[in-house]
Amino acid sequence: MTSTNVRVLLANRPVGAPTLKDFSIVEETPAALGAGELRIRGEWLSLDPYMRGRMNESKSYVKPVEVGAVMCGEVVGEVVESRHADFVVGDRVAGDLGWQTLPVSSGAGLRKLLPGVPPSAQLSVCGMPGVTAWCGLLLIGQPKPGETVVVSGAAGAVGGVVGQIAKLKGCRAVGIAGGADKCRHVVEDLGFDACIDYKAGRLREDLKAATPDGVDVYFDNVGGEILDTVLARMNPFARLPLCGLISQYNATLPYGLRNFRAVLVNRIKIQGFIVFDFKEHYPQAIGDLCGWLAAGKLQYRETIADGIRAAPAAFIGLLNGANLGKQLVRLG
Ligand code: NDP
């Protein structure tokens, strides 16, 4: 094994928006494998908003990344060396292997790639973001044909799948995204009925026009002012799967909701969720998503940064909306 392992470490805990100084990049000569270990040559690294939370020290649903440790993240790659009984050289795998090019694994949490599905799609539409969309929308949102489903972050990895599933279930799908280009993509490429550019400054009026029958399901990826505005438009007995709060991840002062009264008046059901709460549903979710993908019923986009050294800037870009669809880093 002659190559070096290039790793991105957390250098500082950011206050507010992360900067390049919060990451450091190191090169290591790989050590010999221990018994039961395997080495993977990374091909794709997934960048996801949850990583911002892991950079903080505060208590959450998983432990933070330690300062000086490799950033967490899912990688797809090929086994290049193995002392593990269940993996041989040449196996294609995915797992939480961190921001690095030649990770070593004990095999725990590692899965073999599904045949016939593009490897990068196993980090997006057929991977964690797609499964998040499926579980949040179908298990919590429970949309019925003819209902109106609104989703924020609609041009992103999760939101883009939510609206497409809503259409497959016979609903009206309305997206909210930042900018005219993203909204055009959401309607023309992903097939939503409408998309509102929240950066245009007319969110309340545009939402009213796009949802003439009100909102039955709001799949929230962003929180803050957008959540507040949609709350006021929701119908009696509407459902609100609370998936993410990205507008708040860099905030030093949280946004205070003004329209929370709507939850009581309209008997809205809100449920926050983390995708791994639904592990028993993964096989069905992945089966549906891969089936729709193969049948041409699901479209997806990727924004690709080249090389592990580009990961910090790409991650900062993801938090600022620089991505269209799934943000990936090509490692190989
Ligand atoms: P995306 O691909 O949607 O990328 C993030 C997007 O967030 C950006 O492109 C940007 O789009 C949008 N954004 C950034 N800042 C703001 C803001 N202030 N207001 C509104 N939108 C903003 O990411 P994912 O699809 O991977 O994740 C979407 C959400 O789902 C995140 O909140 C994430 O944490 C959450 N999530 C939750 C999971 C769970 O288990 N609960 C699992 C996976 C994801 P734009 O240009 O449109 O502003």
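The values are calculated or read from the model by the stated rules, or taken from the named source; none is laboratory data. Small disclaimer: the values here were computed from a predicted structure and weren't measured. Heads up, the Cβs are rebuilt from the backbone with ideal geometry, glycines too, and the neighbour counts pull from every protein chain shown. To get the accessible areas, we keep the full protein, side chains included, count just its heavy atoms, and leave off ligands, DNA and RNA. Shrake-Rupley method; radii C 1.70, N 1.55, O 1.52, S 1.80 Å.
Which one of these is at pLDDT 95 or above, of a type outside the set (Lys, Arg), buried (at least 18 other Cβ atoms within 10 Å of the Cβ) and closer than 28 Å to GLY116 by Cβ: GLY325, GLY287, GLY244, GLY296?
None of the other options fit; the residue is GLY325.
For segment 182-193, enumerate the residues that are touching a residue at least 40 places away in the same chain (Cβ under 8 Å) and either assigned to a helix (DSSP H, G or I) or surrounded by fewer than 22 Cβ atoms within 10 Å (Cβ to Cβ) (or both).
LYS182, HIS185, ASP189, GLY191
How about segment 40-90: which of its residues are in contact with a Cys (Cβ under 8 Å, 6 or more places away or on another chain) and either polar (S, T, N, Q) or assigned to a loop (DSSP other than H, G, I, E, B) (or both)?
Within segment 40-90, VAL65 is the sole residue that qualifies.
Considering only residues that are open to solvent by 40 Å² or more (accessible area, probe 1.4 Å), of a type in the set (Asp, Glu) and in contact (Cβ under 8 Å) with a residue 24 or more places away in the chain, which ones fall in segment 51-94?
Scanning segment 51-94 gives GLU57, GLU66, GLU78, GLU81.
Would you be able to say whether some residue in segment 151-169 is away from the ligand (no atom under 11 Å from the Cβ), within 18 Å of ARG184 (Cα to Cα) and either basic (Lys, Arg) or in contact (Cβ under 8 Å) with a residue 60 or more places away in the chain (or both)?
yes
Could you say which residue among LEU45, LEU114, LEU97, LEU9 is at negative phi, open to solvent by less than 40 Å² (accessible area, probe 1.4 Å) and either among the charged types (D, E, K, R) or over 19 Å from the mean Cα position of the chain (by Cα) (or both)?
LEU9 is the lone residue from the list that is at negative phi, open to solvent by less than 40 Å² (accessible area, probe 1.4 Å) and either among the charged types (D, E, K, R) or over 19 Å from the mean Cα position of the chain (by Cα) (or both).
Looking at (1) more than 16 Å from the ligand (Cβ to nearest atom); (2) part of a loop (DSSP other than H, G, I, E, B), which is the one condition that is false for VAL93?
The number of the failed condition is (2).
Of all residues in segment 165-181, count the ones that are open to solvent by 10 Å² or more (accessible area, probe 1.4 Å) and not in a strand (DSSP E or B).
The total comes to 8.
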